[in-house]
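J.: After the structure tokens below, expect a handful of questions from me.
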Amino acid sequence: MPSIPGSDQITPVYPGRSVKAGDNWDVKYGRKNPFGTGQFSLTAHNRYLKDETVEGHTAAVIETALEGPMDFTIDFSKVPAGTVPPVAGPIHYTASISSTRQYWVDPSGNQVIKSTGSGTYRLSYTLVAASGASGPQQVDFNGKIKTDLTRI
């Protein structure tokens, strides 16, 4: 099922170079839309906060603030069968995202051993009304998503 970009980001956006505690870096983060048109183009503001021990494992604590607008269309005929209820025709979405996550990364293998985060999402789309109903229906989602993950 398609997810809201940023809500499914399970690793930090790495800088492509070595970093140490106290370093900051920004990365433009893009991901193609596999189910229609448009691309998710976000900016990740990152900070290597400190080193910390998590259940006996040394970890680099990295904070990533992900933000940006989204404008995309999902063609539900391209979504794998059985993952979403049947939808007639493509749906156009506009959205904005502002999400902050902290990751505890094992530097020896770049594996995330723990993460926590929350984000604010504003998503709007228009549904074509079912037969017999009048006009299109505007749907707005404004909310927060909070996640916690531990993998040891």
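The values are calculated or read from the model by the stated rules, or taken from the named source; none is laboratory data. Just so it is clear, the structure is predicted and the values come from calculations on it, not from any experiment. No Cβ is skipped: glycine too gets one built from the backbone with ideal geometry, and neighbour counts run over all protein chains shown.
J.: So if I check each of Tyr29, Tyr93, which one is in a strand (DSSP E or B), hydroxyl-bearing (Ser, Thr, Tyr) and at pLDDT below 80? Spell out how you get there, then give the answer.
T.: Numbers: Tyr93 fails: at pLDDT below 80.
Only one candidate passes the filter, namely Tyr29.
J.: Something else about it: Do we find a residue being closer than 16 Å to Ala95 by Cα and among the polar types (S, T, N, Q) anywhere in the stretch 59-81?
T.: Scanning the stretch 59-81 turns up at least one residue that is closer than 16 Å to Ala95 by Cα and among the polar types (S, T, N, Q).
The rows are residues; the columns are (1) among the basic types (Lys, Arg); (2) under 15 Å from the mean Cα position of the chain (by Cα).
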{"site": "Ser18", "(1), (2)": "no, no"}
{"site": "Ala21", "(1), (2)": "no, no"}
{"site": "Asn24", "(1), (2)": "no, no"}
{"site": "Ser41", "(1), (2)": "no, yes"}
{"site": "Lys50", "(1), (2)": "yes, no"}
{"site": "Thr58", "(1), (2)": "no, no"}
{"site": "Thr64", "(1), (2)": "no, yes"}
{"site": "Glu67", "(1), (2)": "no, yes"}
{"site": "Met70", "(1), (2)": "no, yes"}
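J.: Could you list all residues from the stretch 42-78 that are more than 19 Å from Arg151 (Cα to Cα) and in contact with a Lys or Arg (Cβ under 7 Å, 6 or more places away or on another chain)?
T.: Result: Thr43, Tyr48.
J.: Where residues in the stretch 16-48 are in contact (Cβ under 8 Å) with a residue 12 or more places away in the chain and among the small types (Gly, Ala, Ser), which of them is surrounded by the fewest Cβ atoms within 10 Å (Cβ to Cβ)? Full working, then the answer.
T.: So in the stretch 16-48, the residues in contact (Cβ under 8 Å) with a residue 12 or more places away in the chain come out as 19-31, 33-48.
Filter once more, so that each one left must be among the small types (Gly, Ala, Ser): 21-22, 30, 36, 38, 41, 44.
Details: Ala21: 12, Gly22: 9, Gly30: 12, Gly36: 18, Gly38: 16, Ser41: 14, Ala44: 22.
Top of the filtered list is Gly22.
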